[in-house]
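Notes follow the structure.
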Amino acid sequence: MADYYKKTFTFEGKRRYVYGRTELEAIEKRAILKSQLEAGKVEISRNTQVTIWINEWLDNYKEPEVNYRWYKDIQAMCERFIIPAIGHMRLSSVKPLHIRKVLNPLQDYSYSFNAKIYDILNQIFNTALENELVVQNPMTGIKKPQGRTPKKRRALTSEEREISLKVANYHRGGLFILLMLYCGLRPQEIVPLQWSDVDFASRRVTINKALKSDGIVRGFTKTKAGMRSIPIPGRLLERLIAEHDDITDDSLLICTNTRGERYTKSSINDLWKNFKREMNITAGCKVHPQKHQIMPPYFVQADLTLYCYRHTYCTDLQAAGVPINVAKELMGHEDIAVTSKIYTHKSDVALNNAAELIDKYSRGV
């Protein structure tokens, strides 16, 4: 990219990028694109720069389909990793070699991050192919990069579940944990949850929260599949009723951080670290009298993560005999293949339930 000049400008609140072999060429292309946008007409052809096509793809294919946060994440990944590598090129000139130049520097990133960039690239060029802007998708034949070894999510052990429930009884983040364990909510779905989203009569919690930005209302979940209504188990319902007793305004958030404000990514991390610390103490860890740090040996395994509670909800659905297509809806998965990856985990309870059902069927019960 040292041989190319980048120029940017903002149009209707969105950042636009153009590239040129000289600074003057970049300035001229910026002026042309800006005038085209103002006139409501952008010429798209096989000679269009990748960066301009990405802008069009984001505006017309992603923004109407996904929520605002996920849209901004996709936009940021394009601007940071894809556009600097191939944004200056013509669409028709991009070859598999150029795609490698985007992906190869990402090997030190996580598997999931590599997969996101790979999928975004694939969508960008598949859409270009559909619009006859390229003869072939340059992603063809390129395997999804592995990146760092992905962290395996797992269900809670019986001991971890027992300790978690004990700590959740008094910990400030207990309700947050229980919403993940008993309703399978994602952390980002709990953050905007209000009391008005809980229907105590029908025992349901509804995920339909929207984020308004630039006059556009979008859901907090990544896809429409995330918009769903989930039954509330009795144990969680009792906790919610108790917490709701002193609430007079149902527009208030159900879970807030230590300052009584909306959770952020960092405050969720702080919540989990503190909750896990309390789990260790409850399990028998000693606390240093001066430093107030827990001392080894630690009883809670290092691979226990916050998402293990959502994973446990899915395995509980399997153990309870909930059909996988229903579990897909409750989990808010867009693709049933994602659900099936969890359902393939063996569970003694699920196997015993299956054996009982088969036995009843064979006896004509």
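Projected area of segment 82-168, taken from the Cα convex hull and averaged over every viewing direction, in nm²?
Details: hull surface 33.9 nm².
So the Cα hull casts an average projection of 8.5 nm².
7 Å from Cα along Cα→Cβ at both Glu334 and Gln301: what's the point-to-point distance in nm?
So the label points at Glu334 and Gln301 sit 3.1 nm apart.
Looking at segment 294-334, which chymotrypsin sites (Phe, Trp or Tyr not before Pro) are DSSP coil and have at most 16 other C-beta atoms within 10 Å of their C-beta? Walk me through the intermediate numbers first.
On the way: sites: Tyr298, Phe299, Tyr307, Tyr309, Tyr313; in loops: Tyr298, Phe299.
The qualifying sites are Tyr298, Phe299.
So which trypsin sites (Lys or Arg not before Pro) in segment 109-151 are both in a DSSP loop and have at most 16 other Cβ atoms within 10 Å of their Cβ? Before the final figure, lay out each step's value.
On the way: sites: Lys116, Lys143, Arg148, Lys151; in loops: Lys143, Lys151.
Those that pass, being in a loop and sparsely packed, are Lys143, Lys151.
In the full protein assembly as shown, how much of His288 is accessible to a 1.4 Å probe, in Å² to the nearest 10?
Ignoring ligands and nucleic acids, His288 comes out at about 50 Å².
Assuming R0 = 25 Å, can you tell me the calculated FRET efficiency for the pair Ser93 and Asp59, based on Cβ-Cβ distance, to the nearest 0.05?
Working: r = 23 Å, r/R0 = 0.91.
About 0.65, to the nearest 0.05.
Karplus couplings for segment 58-70 from phi (6.51 cos²θ - 1.76 cosθ + 1.60, θ = phi - 60°), rounded to Hz, Gly and Pro as x?
Values per residue, Gly and Pro as x: 4, 5, 9, 10, 9, 4, x, 9, 10, 6, 4, 5, 5 Hz.
Return one whole number: the accessible area per residue of segment 273-312 in Å², for a 1.4 Å probe. It would help to have the intermediate numbers written out before the result.
Details: 2360 Å² over 40 residues.
It amounts to 59 Å² per residue over segment 273-312.
For segment 247-252, in order, what is each residue's ³J(HN,Hα) by Karplus, 6.51 cos²θ - 1.76 cosθ + 1.60 with θ = phi - 60°, in whole Hz (x at glycine and Pro)?
Computed from phi, the couplings for segment 247-252 are 8, 10, 10, 6, 7, 6 Hz.
What FRET efficiency comes out for Glu162 versus Arg80 if R0 is 45 angstrom and r is the Cβ-Cβ distance? Round to the nearest 0.05. The partial results should precede the final answer.
Details: r = 43 Å, r/R0 = 0.96.
FRET efficiency, Glu162 to Arg80: 0.55.
At a Förster distance of 45 Å, what's the computed FRET efficiency of Asp246 paired with Thr10, Cβ-Cβ distance as r, to 0.05?
Details: r = 46 Å, r/R0 = 1.02.
Here the calculated transfer efficiency is 0.45.
Leaving out same-chain residues fewer than 8 places away, which aspartates and glutamates sit with a Cα under 18 Å from that of Lys143?
Within the straight-line limit of under 18 Å, Lys143 reaches these aspartates and glutamates: Asp108, Asp119.
How large is the dipole of segment 36-159 about the Cα centre if only Lys and Arg carry +1 and Asp and Glu carry -1, each at its Cβ, rounded to the nearest 20 debye? Can you show the working numbers first?
Working: 18 positive and 13 negative charges, 157 e Å.
Value, rounded to 20: 760 debye.
Can you tell me the relative contact order of segment 50-152? Whole percent, Cα pairs under 8 Å, sequence separation 6 or more.
Working: 94 pairs, mean separation 30.6, N = 103.
Reported as a whole number, the value is 30 percent.
Pop a pseudo-label 7 angstrom from the Cα along the beta-carbon direction at both Met227 and Arg172 and give the gap in nm to one decimal.
3.4
The values are calculated or read from the model by the stated rules, or taken from the named source; none is laboratory data. These numbers were taken from a predicted model, which means no experiment stands behind them. Don't worry about glycine lacking a Cβ; one is built from the backbone with ideal geometry, like all the others, and counts go over all protein chains shown. For accessibility, only protein heavy atoms count, side chains too; no ligands or nucleic acids. Shrake-Rupley method; radii C 1.70, N 1.55, O 1.52, S 1.80 Å.
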